[in-house]
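The values are calculated or read from the model by the stated rules, or taken from the named source; none is laboratory data. Quick caveat: nothing in here was measured; it's all calculated off a predicted structure. Cβ placement follows ideal geometry from the backbone for every residue including glycine, while neighbour counts extend to all protein chains displayed. Note: areas computed on protein heavy atoms with side chains; ligands, DNA, RNA excluded. Shrake-Rupley method; radii C 1.70, N 1.55, O 1.52, S 1.80 Å.
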Amino acid sequence: MTQSSPIPFFDLTRQYQSLEQDVMESLLPVLRSQHFILGPSVSDFEEKFSRTFKVKHSVGVSSGTDALILSLVASGLRKGGGVLVPSFTFYASASAIRLAGGVPVFVDVDPDSYLLTPDILDAYLRDRTAMNGAGVPVSSHGGIPLVGIVAVHLYGQMIDMEGLAKVAKAYGLWIVEDACQAIGATHRGHSPGVFSNAAAYSFFPTKNLGGFGDGGMITTESAPFAEHLERLRVHGSRKRYEHLEIGYNARLDAIQAKVLSVKIGHLPKWTTRRQELAARYSNAFRPLGGLGLPDPIPGFRHVFHQYTMRVEGEGRRDRLRSDLSAKGIGSEVYYPIPLHRQEAFSDLLELTVPLPVSEKLCREVISLPIFPELSDDEQERVIDAVHASLVK
């Protein structure tokens, strides 16, 4: 590769070249059978997913967004119920709440981990909760009754779910985990979905485990909850033409299940490579001033869906991105606008408390290339370019 060759932010073609024969062979039985919707291909992948991540139940669905929506509905979210969600995350973490009938209630995050922490949650709820006549905690925000939390594991780093679950229980709230960027992540050996109603995953092609289109998974430790999800994903039906409730057309299809069944066996080595790349970035950037580096939380397994760092100082992040682009190096900003500032949620802005950390992160974060097929030489070029830009 020549020095002038561009370095993409992500390149799916490299991964496909290494898997093409295995993937194509796996698809032949589906193509020959013409059994594309659910069936043994999906159930086999669900079982493999449960074994791999040591969870009791896995339910394949059509996308990460649908995984969130179905999990919220199965949790009992009803029209007007308030669900706490970080403002610093992808849009679907909050839009799913609204699509399920609830009201997103935006909260801030920790400036170093970018996550909602038990302390932040407790501090937020402490002054918004009172005991009713039966001694049951009742939380509300601007007249909106609070019923649950969407806990977002961002960039591949998990929240302290054990701690968060203790706080949520004290205030009578349930939790759904958004694990769409955290497949393979753990906290103290536990995968997402253990300390909550359910965890939602995405198989969007650029995820650490990506399909050949959209797809998602929901994991849960509860058999009744899993049965409800299985009904919701098929129009509220468990028996053909008998519908117990209003459900969705939200099924994982057989082709995606076959592709993912091949890829999941490669996930450990891909994750190890991401962690190696992340460590090299952080070691190289640590001597530079004015950076916030995404160091893993002790006792937690960070899978680095993204390598996202903060560049402090007015305009420095944008200058860095411009300098990288001039050298043909891809980068992204996840996310440039906090959710409480999105037009889609403008009706909630007056009720939203100040969220200074989320606002600041949107001005400072930048994500660098970290896909497993990135070569060492390419990474060195990225490192050199970052140093050249920030040491000016």
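Could you pull out every residue, at least 5 positions away or on a different chain, whose amide H is within less than 5 Å of the one on Glu332? Hs are placed 1.01 Å off N in the peptide plane, and Pro or chain starts have none.
Amide H neighbours of Glu332, under 5 Å, 5+ apart: Ser367.
To the nearest 20 debye, what is the magnitude of the charge dipole of the chain about its Cα centre, counting +1 on the Cβ of each Lys and Arg and -1 on the Cβ of each Asp and Glu? Display every interim value, and only then the final one.
Working: 40 positive and 43 negative charges, 103 e Å.
So the dipole magnitude of the chain works out to roughly 500 debye.
Given R₀ = 35 Å, FRET efficiency for His35-Tyr91 by Cβ-Cβ distance, to 0.05?
0.55
Given the pairs Lys56/Lys166; Lys48/Lys166; Lys207/Lys239; Lys79/Lys207; Lys327/Lys392; Lys56/Lys79, which are separated by over 24 angstrom at their Cα positions?
Result: Lys48/Lys166; Lys207/Lys239; Lys79/Lys207; Lys56/Lys79 exceed 24 Å.
Enter the Cα centre distance for the pair region 352-392 and region 25-93, rounded to the nearest angstrom.
Going from one Cα centre to the other spans 30 Å.
Express the relative contact order of the chain as a whole percentage, based on alpha carbon pairs under 8 Å and six or more residues apart in sequence. Intermediate values should be presented prior to the final figure.
Working: 787 pairs, mean separation 85.9, N = 392.
The normalised contact order for the chain reaches 22 percent.
Give a quick list of GluC sites (Glu not before Pro) in region 171-229 that DSSP marks as loop, anything other than H, G, I, E or B, with at most 12 other Cβ atoms within 10 Å.
Sites meeting the loop and neighbour criteria: none at all.
Can you work out the FRET efficiency for the pair Lys392 and Leu12, with r the C-beta to C-beta distance and R0 = 30 Å, to the nearest 0.05? Write down the numbers at each step before the final one.
On the way: r = 34 Å, r/R0 = 1.12.
So, using R0 = 30 Å, E works out to roughly 0.35.
With a point put 7 Å past each Cα toward its Cβ, work out how far Glu343 is from Lys166 in nm, to one decimal.
About 4.5 nm, to one decimal.
Return one whole number: the accessible area per residue of the chain in Å², for a 1.4 Å probe.
Ligands and nucleic acids excluded, the figure is 43 Å² per residue.
Given labels modelled 7 Å from the Cα in the Cβ direction, how far is it in nm from Tyr241 to Thr206?
4.6 nm
Along the Cα→Cβ direction, 7 angstrom out, place labels at Asp376 and Val353. What is the inter-label distance in nm?
About 4.9 nm, to one decimal.
What number, in percent, do you get for the relative contact order of region 67-126 if the mean sequence gap of Cα pairs under 8 Å and at least 6 apart is divided by its residue count?
Once normalised by length, the contact order is 33 percent.
With both partners inside region 79-238, how many of the DSSP beta bridges are antiparallel, as a percent to the nearest 5?
That works out to approximately 40 percent antiparallel.
Would you mind putting 284-291, 324-331, 4-11, 250-257 in packing order, based on average other-beta-carbon counts within 10 Å, highest first?
250-257, 324-331, 4-11, 284-291
Between rounded, prolate and oblate, where does the chain land on the alpha carbon gyration tensor, with a ≥ b ≥ c its root eigenvalues, rounded for a/c under 1.5, else prolate if a/b exceeds b/c?
In terms of gyration-tensor shape, oblate.
Rounded to the nearest percent, how much of the accessible area of region 264-337 (1.4 Å probe, protein heavy atoms only) is carbon and sulfur? Walk me through the numbers on the way to the answer.
On the way: 1730 of 3320 Å².
Solvent-exposed carbon and sulfur of region 264-337 make up 52 percent of the total.
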